[in-house]
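Shown next, in structure tokens, is the structure this report addresses.
The values are calculated or read from the model by the stated rules, or taken from the named source; none is laboratory data. Small disclaimer: the values here were computed from a predicted structure and weren't measured. Ideal geometry is used to build each Cβ from the backbone, glycine not excepted, and the neighbour counts take in all protein chains shown.
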Amino acid sequence: MTESNETTRRWLRRAGSARLEFGADYNPDQWPREVWDDDVRAMREAGVTIVSLAIFSWARLEPRDGEYDFAWLDEVMDLLHAGGIAVDLATATASPPPWLTRRHPEVLPVTRTGEILWPGARQHWRPTSPVFREHALRLVSELATRYADHPALVAWHVNNELGCHNVYDYSDDAARAFRVWLRTRYGTVEALNHAWGTAFWSQRYDDFEEILPPRLAASHPNPTQQLDFKRFSSDALKDHLRAERDLLRRITPEVPVTTNFMVMGEMKPMNYADWAAEVDFVSNDHYVLPGPQARDELSFSANLTGNIAGGEPWFLMEHSTSAVNWQPVNVAKKPGELARDSLTHVAHGADAVCFFQWRQSRAGAEKYHSAMLPHAGTDSDLFRGVARLGERLRELAPIAGSRRRRAAVGIVFDWESWWTAEQDSHPTDRLRYKQEALDWYTALLDAGIRADVVPAGGPLEEYRLLIAPVLHVVPAALAARLDAWVAAGGHLVTTYFSGIVDENDHVWLGGYPGALRDLLGIRIEEFGPLLDGESVTLDDGATGTLWTDRIDVTGPDVEVLARYKTGEQADRAAVTRRRVGAGSAAYVSTRLGPDGLAGLLPRLLGPAGVTGELPAELGGRVELAIRGDHWFLINRTDQPVDLRALPGAPEVLEARGVAVFTN
Ligand code: GAL
């Protein structure tokens, strides 16, 4: 895995003092010419500094094969520049035009069940199609050459949300590219047979040419084939990103290149920790998902994005001013939420706050998605809120460029474990990797403890306490790394279904939790997943769901922190901690949820010497994030919070408010 913090980051190509950028996707091609001047005027009124332009403009820029129409884009670029607004110019390759798919239907993706994804929406292209690649790069080349020296151009925006709709393609192109990828990974078909365990179910391959993507099969497709297809699919899109980027760097070496990641919710197919080294600066899109942990999930994603960016500032490319249009029910943001959402991203390292989109569409699939300038126009509470946010960001300009301050606690986030732990034919199909990690994050927020969500390839050794929920895939090297870190005084906490398999999804033998068994000083012969609605009680009063383990304590110096009181494992250990020199290794064998984890945390934080940085009475009600010398206090509640116990802070933090001060 690439360590993103080794990458040299480059921010926007623009003069002037550091600032927090503010803006949106701008789609002027959806509007008549006379609207554009109003747009620029209103952008200035709102404090917009940057827009992402031409994201879905391929059909307009190249209306016929090889015929280009740049006149309108020239005019928009000039208008924006005259208005002092910078442009993050898209390469416009996200949605192929109708002429291309008519002439070359072979670029259309194919689903697992063999259905074609037809044009009519967007992103209907195969990541591995040579025909698509050729046409896309031709457009990129034209755009880069034309706008290389345009003074408005400050960054390139490759494609858009690569993989949002087309990551898993099972076409013949994908099959060919998958075989090439497998040859590179394994070298010989024997090595592949070993890795995939093809002795099982008569799956032995004699030749790479026999291999297919895991298309709809009679039963569970080979698990390592599925895992490798996930790795391959992430790599195939990364390869597209690199192809566009390399071309852009050749033509405009001085213009930084980015693409918008989607670190949010259950968006798991793209391994962004692995992609981060490919861009000059990391960008992310985030939309709030309704639910009791909605606010915490936003913070979790922003935090993870900041760590994917290696602690350097990153660009929030999209979020929403209010409602989205793609949930079953799309609820408007409450007063204060617009600014709180935006500033939470800033607190975790965003130096740009942008939205989808500038002007709310009148037609098309996203006409009910909020924007900076709503259907109601500039005379609206929403637009006034947007303008106030623009002003706030101007005041916060001194923050721009500052790095996130590392926390004492790290939550390990591992795409390989996410992919593998949730595959089929497992002890339960109810396990949700991200949810378990998020529950720990919520519990830490409730306890007033700052934590970093950090990719498994990141600087794990820098933390005093590492929480690795469902760290399912543990290759030998990672096990050795964790052993050495704990021996040197690190404190590790891990959970059910961790340490179980190696990088080939082969079980570590001798009893669970396999690769972590000796470190934890426990041994498990059988898993004890729980049925829906079943729960167990622990002797500390906590309730466990989803999973239990039949734990035997085998190692020296293992303390039982909680036992099962009910259920099949009654009287057995439920939570253990082994002391290892100055360090320790703890194991939580059931799903406790945020409340249960909150009860457990003091017993894990204390020995690791982790204490809160906030006065105890603020714990839970506010979230603390630190960039450089700037403290961000984010009100997690709908009530004002008295901050007088905190020197340097304002006296009161308004409901859903964010206070920023130096400390
Ligand atoms: C993103 C996308 C935007 C817009 C937005 C709406 O996935 O990049 O183009 O569709 O969602 O929420």
Checking the structure you have, find out if any residue of region 272-285 is part of a loop (DSSP other than H, G, I, E, B) and surrounded by fewer than 22 Cβ atoms within 10 Å (Cβ to Cβ).
yes
If I filter region 145-175 down to residues being within 16 Å of the ligand (Cβ to nearest atom) and of a type in the set (S, T, N, Q), which single residue comes out as surrounded by the fewest Cβ atoms within 10 Å (Cβ to Cβ)?
N166
Out of region 18-50, which residues are more than 31 Å from the chain's Cα centre (by Cα) and of a type in the set (A, V, I, L, M, F, W, C)?
W31, V35, W36, V40, A42
Hits in region 446-490 (condition: surrounded by 20 or more Cβ atoms within 10 Å (Cβ to Cβ) and basic (K, R))
R450
Can you find, within region 518-562, the residue that is surrounded by the most Cβ atoms within 10 Å (Cβ to Cβ) among those that are of a type in the set (S, T, N, Q), in a strand (DSSP E or B) and within 33 Å of the chain's Cα centre (by Cα)?
T545
Go through the residues of region 105-112 one by one and say whether even a single one is farther than 22 Å from R215 by Cα, more than 16 Å from the ligand (Cβ to nearest atom) and surrounded by fewer than 20 Cβ atoms within 10 Å (Cβ to Cβ).
no
Search region 312-337 for residues that are over 15 Å from F261 (Cβ atoms) and among the aliphatic types (A, V, I, L, M) and pair each with any residue that is more than 11 Å from the ligand (Cβ to nearest atom) and not in a loop (DSSP other than H, G, I, E, B) when their beta-carbon atoms are under 9 Å apart and the residues are at least 6 apart or on different chains.
A332/L382
Count of residues meeting criterion [at pLDDT 95 or above and outside any strand (DSSP E or B)] in region 14-27:
3
Count - residues of region 247-271 that are of a type outside the set (V, I, T) and in a loop (DSSP other than H, G, I, E, B):
12
Which residue out of A371, A332 is crowded, with 24+ Cβ neighbours inside 10 Å and either modelled with pLDDT of 95 or more or under 16 Å from L298 (Cβ atoms) (or both)?
A371
Tell me, which residue of region 70-104 that is among the aliphatic types (A, V, I, L, M) and either assigned to a strand (DSSP E or B) or at pLDDT below 95 (or both) is surrounded by the fewest Cβ atoms within 10 Å (Cβ to Cβ)?
A86
From G306, G311, which residue is part of a loop (DSSP other than H, G, I, E, B), in contact with a strand residue (DSSP E or B) (Cβ under 6 Å, 6 or more places away or on another chain) and closer than 25 Å to T442 by Cα?
G311
Scanning region 563-577 for residues that are closer than 17 Å to E526 by Cα and assigned to a loop (DSSP other than H, G, I, E, B) gives G567, E568, Q569, A570, D571, R572
Taking first residues from region 479-491 that are more than 16 Å from I411 (Cα to Cα) and second residues anywhere that are of a type in the set (V, I, T), the pairs with Cβ under 8 Å that are 6 or more apart or on different chains are A487/V580
Which condition number does A302 fail, the rest of (1) within 16 Å of the ligand (Cβ to nearest atom); (2) surrounded by 22 or more Cβ atoms within 10 Å (Cβ to Cβ) being met?
(1)
Can you name the residue in region 28-56 that is part of a loop (DSSP other than H, G, I, E, B) and buried (at least 23 other Cβ atoms within 10 Å of the Cβ) and is also farthest from the ligand (Cβ to nearest atom) among such residues?
T49
Just need a number here: residues in region 312-329 that are surrounded by fewer than 13 Cβ atoms within 10 Å (Cβ to Cβ) and away from the ligand (no atom under 13 Å from the Cβ).
2
